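Here's the structure, in C-alpha cells; my notes come after.
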Amino acid sequence: MYLFKKHHLKTRIYLLLIPLFYTYNTVNAQVNPTPLNQIWEKALAFNKTIQMRNLQVAATDEAIKDARAERLPEIEVEAEYAKVSNMPIYENGLFHTHSQFEVLHTAYDFGGNTYLNLYNGNKTNLKIKEEKDKKELAIAQRNLSTSEIKLSATAYYLDLQRSKIFKNLVLKDISDQEKQLEEIKQLLKNGVVLKSDVLRAELKLSRQKMSLVQLDNDIAIANQKLNILIGNPDEEKINPDTVIHFNYPLKTYQEYLTEASEHAWEAQISEQETKLSKLELQNTRSPALKLGLFANYAYSYPQIRFYPYAISLYGLGLGGIKASYSISSLYHNKHKVQEAEINYKRQEIEHLATADGVRQKVNEAFLRYQEALTRINVAQQNIHQAAENFRIVNNTYFNQLSLLTDLLDADTQLLQTKFDLAAAQIAAQLQYYQLQKAIGNL
C-alpha cells in the first residue's frame, strides 16, 4: 500500500477535485491542455438525453401553433355518389304482395361547410396557455439535464486532472529521492551511515515507483469514462490543465438563496407543473357552452328534400349562428372538478416541498464549499510547516544529528501535505460547481 492510498480512496467519495489559489509546477510540460468548457460542449452535443430534450422543446412549439390554429374556421368539403334500389311499397303488410314505386337509381351531392368558433368556454385560450406552459416546462427540464450532464463531465474531468496532478507530484518526489539516495550512498562509502540506511531509502523509492502504476491505471480509467461521456474514441487522450487556476469569490448564503429562488431548475419545473395543474382545473370548470357561426352550401341530385320533388340538380345553402349547451355536464363534470381541485392542491404542496429541497441543497453546497476553502488554507499552512520540517531534518541527518527514519517521515509528510492541498483545491472546485447547479447557474 503506497503512501497516498488512504487519501486516494477517501477522495474517491467525492468523485474528483480541482484547485484554488495554488499552482503546481508540473514535471512534464503540458501541450495544448483541453479546457473544461470544451468538454462541456462535446458532452452536450453528444448526449442523447439533451438531444431528446431539444426535440421535446421543438414539439411544444408545434403544439402551440396547433392550439392557435383552433381559432381558425373549420372548413370541410364532401361529396357522395350512390345507386338507389327500387322501393317496394307494402300496402297490405309485409307478408302480402307489394307494389313497385319507380325511383331514380342515381343520386349524388357535393358541397362544403364551415364553422367559426366564437366561444367554447374559453377552452381555446386555455389550451394555448397550456401549451406555452408545457414549452416552459420542457425548457426547464432541458436546462436541468444540461446542468446534470455538465456536472458529470466536470466530475470525470477533475478525476482525470487529480490523477495527473498526483502523478506529477510523485514523479517530482521520485526525482528528489533519487538525488537523496545518491547522497546517502556517498555517506555509506565514507563510512558515515550504515547499509540499512541505503536499503530503507531504496525501499521507499521502489514503493513510490510502484505507485505510478496505479496512477497510470487511474488516468486510463478516468480518460475512458470522459471519452465515453463526450463521444470520443476510448483511446483518445484528454489533457486537462494540471496547472491549477481557481479563484471564485464566495458570496453570502442569502445571495445564493436569492439566485436559487429565481433560477433553480427544480423549482422552475415544479412551478410550471403547478401552473399546468391550475389550467387543468380552469378547463374543467369552464362552462359547456359553444357558440359559433356556420355556413354550408351543396349541390344535390335529384331534389327530393322539398315538395314538389324535381328530377333536377339543385343547390341549397344555409348560414347562421349555432349555439349548444351540454346539460349533462352539470352532473358529469362534478367529480372531475373535485378531482382537479385535489390535484391542484397536491401540486401546490409538492411545489412548496420542492422549494424546501432546493433551499436544503443550496445550504449544504454552500457549507461544503466554505469547508473546502477552509481546508485549502489549512493545507497551505501545512505545506509550509512540512517543508520547513523537512529542511531541518534533512540538514540534521546529513550532519549525523538525526536518523534516516526521521528524514523519510519528514519527506512523507511533505508529500502528503501536497496531496492534501491538491485534493482540497479540487474538492473545492467540485463543490463550487455543485453549488452552481443548486442555484441554477451551471
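All of the numbers you see were taken from the coordinates with simple rules; none came from a lab. Given the structure is predicted, the values throughout are model-derived calculations rather than measurements. Virtual Cβ from ideal backbone geometry, glycine too; neighbours counted across all protein chains shown.
Helical runs (DSSP H, four residues minimum) scored at -39500 (n - 2.57) apiece and divided by the length of the chain put the mean residue ellipticity at 222 nm at -23000 deg cm²/dmol. Of the residues His335, His351, His96, the one that moves most in a GNM of the chain with alpha-carbon contacts below 10 Å is His96. Can you return the lysines within cross-link range of Lys336? Criterion is Cα-Cα under 17 Å, with same-chain partners fewer than 8 residues away left out. Counting by Cα, and skipping residues close in sequence, Lys336 has these lysines nearby: Lys123, Lys278, Lys345.
Ranked highest first by the average count of other Cβ atoms within 10 Å around their residues, in what order do 87-93, 293-299 fall? The partial results should precede the final answer.
Values: 87-93: 9.7, 293-299: 14.7.
Ranked by mean Cβ neighbours within 10 Å, highest first: 293-299, 87-93.
Contact order for region 354-440, expressed relative to its length and based on alpha carbon pairs under 8 Å spaced 6+ residues apart, stands at 50 percent. Span-like helix check, the chain: qualifying full DSSP H segments, with Cα axial length of 20 Å or more and mean Kyte-Doolittle of -1.0 or more, are 48-69, 123-189, 195-230, 334-398, 404-439.
Phi angles across region 87-99 convert, under the Karplus curve 6.51 cos²θ - 1.76 cosθ + 1.60 with θ = phi - 60°, into 3J(HN,Hα) values of 10, x, 10, 9, 6, 10, x, 5, 9, 10, 5, 9, 9 Hz, Gly and Pro given as x. Ranking Tyr432, Val77, Gln141 by how far each Cα lies toward the positive end of the dipole of the chain (charges on Cβ) leaves Tyr432 at the top. Computed about its Cα centre, the charge dipole of region 116-186 is approximately 600 debye, with only Lys, Arg, Asp and Glu carrying charge at their Cβ.
Here the chain has an Rg and Dmax of 39.7, 144 Å, counting Cα atoms alone. For a straight C-alpha distance cut-off of 19 angstrom, the lysines reachable from Lys195 (same-chain residues fewer than eight places away being disregarded) are Lys179, Lys185, Lys204.
Taking region 200-231 and a reference point 7 angstrom along Cα→Cβ of Gln51, the backbone N atoms nearer than 12 Å belong to 231. Structural descriptor for the chain: relative contact order 27 percent, calculated from alpha carbon pairs under 8 angstrom and at least 6 residues apart.
If only the Cβ of Lys and Arg carry +1 and only the Cβ of Asp and Glu carry -1, the dipole of the chain around its Cα centre is close to 800 debye. In this structure, Tyr314 and Glu341 have a Cβ-Cβ separation that, at R0 = 56 Å, corresponds to a calculated FRET efficiency of about 0.55. Relative protection proxy for 226-239, 117-130, from highest mean packing down: 117-130, 226-239 (other beta-carbon atoms within 10 angstrom). One Cα centroid belongs to region 123-186, the other to region 378-406; the line between them spans 36 Å.
Along the charge dipole of region 255-399, which of Thr258, Asn343, Val378 sits closest to the positive end, that is, farthest toward it, with unit charges on the beta carbon of Lys, Arg, Asp and Glu (+1, +1, -1, -1)? Looking along the dipole axis, the top candidate is Asn343.
Multiplying the residue separation of Lys251 and Ile327 by 0.36 nm and removing their Cα-Cα distance gives an extension gain of 21.3 nm.
Overall, region 337-441 carries a charge dipole of about 200 debye about its Cα centre when +1 sits on the Cβ of Lys and Arg and -1 on the Cβ of Asp and Glu, all other atoms neutral. Working from Cα pairs under 8 Å separated by at least six residues, relative contact order for region 148-302 is 27 percent.
Amide H contacts of Ile244 (H built 1.01 Å from N, in plane; Pro and chain starts excluded): Tyr24 sit under 5 Å, all sequence-distant by 5 or more or on other chains.
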